[in-house]
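Following: one structure in structure tokens, then a few remarks.
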Ligand code: AMP
């Protein structure tokens, strides 16, 4: 069954400019902006501009150009934040929730980039 995409989700509204956000990074197919409820000193969301519900949908349906742009963007944001080790930082964690078991809240594919302090255990249980 193909993935459906609900364009009334909050990130779709941010992409359309219907609700405000402060992008810290933008490329041809990707933007990054702060999470409204940060869980670590640095907590950014990196999202594709295209209509993809989750990671699985993105890798199945996005073009090679979108996927390359997205994954390069994640690295560029880590560099920009100063958390990547090769750029003098102390590392970071990427999380993506996909579907009900993950408790994905916003049905537009996104990666959480967390860092600036120790991230703790991988899962809460
Ligand atoms: P997930 O559970 O992976 O779908 O995470 C969704 C994330 O979106 C949560 O960490 C929320 O805090 C965040 N969020 C919800 N609304 C906004 C918003 N308007 N701007 C920035 N982040 C948001």
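What follows draws every value from the coordinates through simple rules; no lab data is involved. Just so it is clear, the model here is predicted, and its values are computed rather than measured.
The table that follows gives values for the structure above.
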item	result
Percent of C-alpha pairs per 10 Å bin, region 7-125, short to long	13, 46, 35, 6
Degrees, to the nearest 10: 64-81 long Cα axis against longest axis of the chain	30
Per-residue [θ]222 nm for the chain (sum of -39500 (n - 2.57) over DSSP H runs n ≥ 4, rounded to 500)	-7500 deg cm²/dmol
Relative contact order %, region 48-106, counting alpha carbon pairs below 8 Å whose residues are six or more apart	28
